[in-house]
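The values are calculated or read from the model by the stated rules, or taken from the named source; none is laboratory data. None of these values were measured; they are calculated from a predicted model. Ideal geometry is used to build each Cβ from the backbone, glycine not excepted, and the neighbour counts take in all protein chains shown. These area figures cover heavy atoms from the full protein model, side chains too; ligands, DNA and RNA do not enter into them. Shrake-Rupley method; radii C 1.70, N 1.55, O 1.52, S 1.80 Å.
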Amino acid sequence: MPRLTLYKRNFFQNEARYTQQTRELETANEILSKTTQPYRYMVEGMRSRESQITNLQKLLDDERAKVAQLSREKAALIQIQSAMSIDLDQLVTDRAQMEHVCLKDFLQIVLFLVDFVK
């Protein structure tokens with residue numbers, strides 16, 4: 001019989017040790033869970049910011065492409081404006097020359113008619 005009591009005592013001691021170790025493990029897991037939550041939050045925050053930065057970088061690249069396109073269009077429009085200005089100057093010069101020629105011809109015709117009428 002004494003052996004059975006020794007086994008019971010060992011059993012109860014082992015059971016008590018098991019229960020204590022189980023509580024310690026649960027406490028450690030709870031502490032670990034609490035410490036990893038801020039880490040997860042920080043990682044998720046970093047991922048979110050990284051995603052925002054990527055989106056903003058994409059938007060910035062798109063805007064730079066638009067600015068480059070608009071700069072090319074502006075240069076083309078300035079070139080067209082310059083060509084039109086040169087054409088207009090030429091037309092004004094041609095008109096003045098035509099007016100001078102027409103006036104000269106008109107005067108010659110008037111003088112001819114005056115001579116003819118005399």
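Quick notes
- Assigned charges on the beta-carbon of Lys, Arg, Asp, Glu; region 1-113 dipole about Cα centre (debye): 1520
- Value of D in µm² per second that Stokes-Einstein yields for region 62-118, Kirkwood Rh from Cα pairs, at 25 °C (0.890 mPa s): 161
- Using just its DSSP H runs of length 4 or more, each adding -39500 (n - 2.57), the chain gives a mean residue ellipticity at 222 nm of -38000 deg cm²/dmol after division by all residues.
- In this simple spin-label model, placing a label point 7 Å from the Cα along the Cα-to-Cβ direction at both Thr27 and Lys8 gives a separation of 3.0 nm.
- Think of the chain as having a plus end and a minus end, set by charges on the Cβ of Lys, Arg, Asp and Glu; of Leu111, Leu91, Ser33, Ser33 sits farthest toward the positive end of this dipole.
- Cα centroids of region 1-77 and region 86-118: 92 Å apart.
- Note on Glu15 and Asp62: the model spin-label points, each 7 Å out from Cα along the C-beta direction, lie 6.9 nm apart.
- 5 Å-binned pair-distance histogram of the chain (Cα, whole percent): 2, 8, 5, 6, 5, 5, 5, 4, 5, 4, 4, 4, 4, 4, 3, 3, 3, 3, 3, 2, 2, 2, 2, 2, 2, 2, 1, 1, 1, 1, 1, 1, 0, 0, 0
- Straight-line cross-link partners of Lys34 among the aspartates and glutamates, defined as a Cα under 20 Å from its Cα and at least 8 positions apart when in the same chain: Glu24, Glu26, Glu44.
- Å² per residue, accessible surface of the chain at 1.4 Å: 98
- Neighbourhood net charge (14 Å Cβ-Cβ; Lys/Arg +1, Asp/Glu -1) for Glu15: +4
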